[in-house]
There are 2 protein chains.
Amino acid sequence: MLVDPWSSTTIENYEHVFKKFGLKRFPKKFCKELKHYLFERGIVVAHRDFDKIMHRIKSKKEFINMTGIASSGMLHFGHKVDIDLFKFFKSKKARNYFAVCDIDAYVSRPDSVVGSLEKAKEFALENIKDLLALGLDEQDVYVQSNKETRYYEFAFELSKKITRSTFEAIYGHIDLGKISANLLQYADILHPQLPEFEGKMPSITGIGLEQDPHARATRDIAARLPYNLEMPSFIYFRHQSGLLEGTKMSASKKETAIFLSEKPETAKRKILNAFTGGRATANEQRKKGGKPEMCKVFEFLLFHYPDTKKIDKIFKDCKSGKWLCGECKNFLIEFVQDFLEEHNARRSRFEKTAKRIMGY
Amino acid sequence: MLVDPWSSTTIENYEHVFKKFGLKRFPKKFCKELKHYLFERGIVVAHRDFDKIMHRIKSKKEFINMTGIASSGMLHFGHKVDIDLFKFFKSKKARNYFAVCDIDAYVSRPDSVVGSLEKAKEFALENIKDLLALGLDEQDVYVQSNKETRYYEFAFELSKKITRSTFEAIYGHIDLGKISANLLQYADILHPQLPEFEGKMPSITGIGLEQDPHARATRDIAARLPYNLEMPSFIYFRHQSGLLEGTKMSASKKETAIFLSEKPETAKRKILNAFTGGRATANEQRKKGGKPEMCKVFEFLLFHYPDTKKIDKIFKDCKSGKWLCGECKNFLIEFVQDFLEEHNARRSRFEKTAKRIMGY
């Protein structure tokens, strides 16, 4: 199976996936209208039913802005796109639900990653500090382990609406922890539409392409539930590589990712070790130009550097051999170190609010 | 599989089951010491680790008294033994947890029995009125859908401690609803021992023999959880037949059971239709005597009539041909009708308390 939400396999052939599972390529028209770097730079590549959300945004009507992260480690730049997208929708007329999934993290991850629920909660507290430091408000964020009874009841309730064979067909090998994690994820995405929360309303969730099986299962269940729910919409991020060759940005492989709470010195070391699209020698590169398409440093800038014009310039100057890997790495190091210093100063101020969200 | 918690198959060969699954026959010594009809009359037939509870009772120490019913219909006399046993332990120094399992009932029962969570909650409200009318106090009873967040978190948490293959080996065919129902059942039995509730303490739960797979799974999980739990103890009721030949007392087959909220007239009709151990003619019966061992009217008296001496006398007089089926049925009708009148008068007083337990 190409799209497996439990693996870290990179997905090369987008078109194949789109066709097989009925995803739609994200329209260029929307990209222009939305005026946000995630759309402008093709980081959002596909969607299901985004038209409904686009209509809501244009007509300044409310919609549900829902996303989540599993608290199975510290947050890194790989998570930042989710948060940035969430912030973008928050700036529209959205009802915001950012789930920090601690129970999910514990039950779905191996003990070597999250050995206890306590550990998942420790990560959750740290993750929440990052979210608040990035500009989310206290009322935007919830943690699974401190949710209302109705949410849990709903997670169990919807287990009646998915058969085992459907579940196996979607996910392949299953175990009970993963079943639990999935039930919670379905509840995370759908519960904002229950009468006890916002009621029926279009909802949007940004996910990685490899998470599409979850999206399909969630939509399947939404249609079976007796609550007359709006079919949830999804948009899909293209794959974000890790800093090393052939890797995904992953909390469990620390050299592939820069953490949001990372020390500036270690971030520098990681960037210096990053895989680039450079040539064997500086001379050769000046002559032939670099290969930004395969460069992890360029990809990092593409996903995170705020100024799109500057990125265009870097791409051009790299191709022409004018801008070499050393300069480029130093440029990224400076950007990242500035970000980390500011972020770390901000996040230390949110200890108290984060604890309140955890229910401590 | 002989012991299948999802079937209504009657279990004939107790010894075989005991041997296969490591149950212990309930000791006669305990029966004498406990001085309660459920023990005196051999209605409790087996146990796992009851010695611990016996020790607690004798030394007047606390223990957890935990049982539950699925709110998949109205309560009938088949449930009364569970409630009577619970009341008996409540009269000792017990911490009481009577679970009314509405989410469980919805997710594990077919739609034809419990078509919605709302329906399960309607049954739960009615069931709670019965429990209160039978002498349980408000603080003894909880409903799954109105439990603390920690309980739900725990139900998901323990899903990590049972593998799919263990689950399948125990239960045979599984579906997601039944997995959910089981997770909640494990949580029901084990959560009272969490630090947030009573802390580590021996616990006792009375179940039917056919429920033993649940007991084994629960003990298996208890040993794997990181909370240093006391292994939960169980005692097992012998099978209670329905009023008709070869049936189990079941809410879904209304003629097999007398409901606790039944009208006295329909109870009378059901008893008159009950399968007895009588002979073809009254004359033959006077000569040869009846067969109380196979008589559903006698079994009903054995399980529910309070005076053990009277039951002994009925058994003897039936065997000798002195006490005929007509007299016996009238005797049972009078007993049941008196009970129902009193119970129905009592239960109508608990509407408000029952709603409070439901969280309404």
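The values are calculated or read from the model by the stated rules, or taken from the named source; none is laboratory data. Predicted model, so just to flag it, every value in this text is computed and none were measured. Glycine also receives a Cβ, built like all others from the backbone with ideal geometry; neighbour counts cover every protein chain displayed.
Among the residues making up the stretch A:97-130, a single one is touching a helix residue (DSSP H, G or I) at 6+ places or on another chain (Cβ under 9 Å), over 17 Å from B:Ala155 (Cβ atoms), assigned to a loop (DSSP other than H, G, I, E, B) and small (Gly, Ala, Ser): A:Gly115. Does A:Asn127 meet the test of being in contact with a Ser or Thr (Cβ under 8 Å, 6 or more places away or on another chain) and assigned by TED's automatic domain parsing to the domain that holds A:Tyr186? When the stated conditions are applied, A:Asn127 passes them. All of (1) in contact with a Ser or Thr (Cβ under 7 Å, 6 or more places away or on another chain); (2) in contact (Cβ under 8 Å) with a residue 60 or more places away in the chain; (3) hydroxyl-bearing (Ser, Thr, Tyr) hold for A:Ser108 with one exception: (1). Considering (1) among the β-branched types (Val, Ile, Thr); (2) over 18 Å from the mean Cα position of the chain (by Cα); (3) closer than 23 Å to A:Arg356 by Cβ, the lone condition that A:Val107 does not fulfil carries the number (3).
Put simply, of B:Ser108, B:Ser145 the only residue that is of a type outside the set (Lys, Arg), in contact with a Lys or Arg (Cβ under 6 Å, 6 or more places away or on another chain) and within 12 Å of another protein chain (Cβ to nearest Cβ) is B:Ser108.
Only residues that are touching a His at 6+ places or on another chain (Cβ under 7 Å) and surrounded by fewer than 23 Cβ atoms within 10 Å (Cβ to Cβ) were counted in the stretch B:152-198, giving 1.
Quick one: would you say A:Phe86 is under 20 Å from B:Phe156 (Cα atoms), buried (at least 20 other Cβ atoms within 10 Å of the Cβ) and not aliphatic (A, V, I, L, M)?
no
Within the stretch B:131-140, restricting attention to residues that are closer than 19 Å to B:Phe77 by Cα and assigned to a helix (DSSP H, G or I), which residue is farthest from the other protein chains (Cβ to nearest Cβ)?
Restricting to residues being closer than 19 Å to B:Phe77 by Cα and assigned to a helix (DSSP H, G or I), the top hit is B:Ala133.
Every residue, every condition in (1) within 20 Å of the chain's Cα centre (by Cα); (2) farther than 22 Å from A:Glu299 by Cα; (3) not assigned by TED's automatic domain parsing to the domain that holds A:Asp111, yes or no:
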residue	(1), (2), (3)
A:Arg41	yes, no, no
A:Asp49	yes, yes, no
A:Arg56	no, yes, no
A:Ser59	no, yes, no
A:Phe63	yes, yes, no
A:Gly68	yes, yes, no
A:Leu75	yes, no, no
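Inside the stretch A:156-178, can you point out the residues that are assigned to a helix (DSSP H, G or I) and within 8 Å of another protein chain (Cβ to nearest Cβ)? Of everything in the stretch A:156-178, those that are assigned to a helix (DSSP H, G or I) and within 8 Å of another protein chain (Cβ to nearest Cβ) turn out to be A:Phe156, A:Glu157, A:Ser159, A:Lys160, A:Arg164, A:Phe167, A:Leu176, A:Gly177.
May I ask you to verify whether A:Phe234 is in contact (Cβ under 8 Å) with a residue 40 or more places away in the chain, crowded, with 17+ Cβ neighbours inside 10 Å and out of contact with any Asp or Glu (no Cβ under 8 Å at 6 or more places or on another chain)? Against the criterion (in contact (Cβ under 8 Å) with a residue 40 or more places away in the chain, crowded, with 17+ Cβ neighbours inside 10 Å and out of contact with any Asp or Glu (no Cβ under 8 Å at 6 or more places or on another chain)), A:Phe234 does not qualify. Can you spot a residue in the stretch B:123-139 that is within 18 Å of A:Lys161 (Cβ to Cβ) and either in contact with a strand residue (DSSP E or B) (Cβ under 7 Å, 6 or more places away or on another chain) or among the hydrophobic types (A, V, I, L, M, F, W, C) (or both)? No. Taking the criterion of being away from chain B (no Cβ under 14 Å), buried (at least 23 other Cβ atoms within 10 Å of the Cβ) and either touching a residue at least 60 places away in the same chain (Cβ under 8 Å) or farther than 25 Å from A:Leu340 by Cα (or both), the only residue of the stretch A:111-128 that qualifies is A:Ile128. Would it be correct to say that A:Phe39 is crowded, with 23+ Cβ neighbours inside 10 Å, without any contact (Cβ under 8 Å) to a residue 60 or more places away in the chain and assigned to a helix (DSSP H, G or I)? In short, no. Give the residues of the stretch A:179-215 that are in a helix (DSSP H, G or I) and away from chain B (no Cβ under 14 Å), sorted by residue number. A:Ile189, A:Leu190, A:Pro192, A:Gln193, A:Leu209, A:Glu210, A:Gln211, A:Asp212, A:Pro213, A:His214, A:Ala215, listed by residue number. Scanning the stretch A:263-294 for residues that are surrounded by 20 or more Cβ atoms within 10 Å (Cβ to Cβ), out of contact with any Asp or Glu (no Cβ under 9 Å at 6 or more places or on another chain) and either free of Cβ contacts under 8 Å to residues at least 24 places away in the same chain or of a type in the set (D, E, K, R) (or both) yields a count of 1. Restricting the stretch A:129-151 to residues that are in contact (Cβ under 8 Å) with a residue 24 or more places away in the chain and within 15 Å of A:Glu196 (Cα to Cα), the residue that is surrounded by the most Cβ atoms within 10 Å (Cβ to Cβ) is A:Tyr151.
Counting only helices (runs of 4 or more DSSP H) wholly contained in the stretch B:242-310, the ones carrying 3 or more residues that are closer than 18 Å to B:Gln337 by Cβ occupy B:264-272, B:296-304. The set of residues from the stretch B:226-250 being within 13 Å of the chain's Cα centre (by Cα) and among the aliphatic types (A, V, I, L, M) comprises B:Ile235, B:Met249.
Filtering the stretch A:338-360 to residues that are touching a Leu at 6+ places or on another chain (Cβ under 9 Å) and in a loop (DSSP other than H, G, I, E, B) leaves only A:Tyr360.
Listed here are the residues, each with its yes/no results for (1) among the aliphatic types (A, V, I, L, M); (2) modelled with pLDDT under 95.
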site	(1), (2)
A:Leu132	yes, no
A:Glu153	no, no
A:Ile174	yes, yes
A:Glu198	no, no
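Scanning the stretch A:279-297 for residues that are at pLDDT 95 or above and either in contact with a Cys (Cβ under 7 Å, 6 or more places away or on another chain) or outside the structural domain of A:Leu340 (by TED's automatic domain parsing) (or both) yields A:Gly289, A:Gly290, A:Val297.
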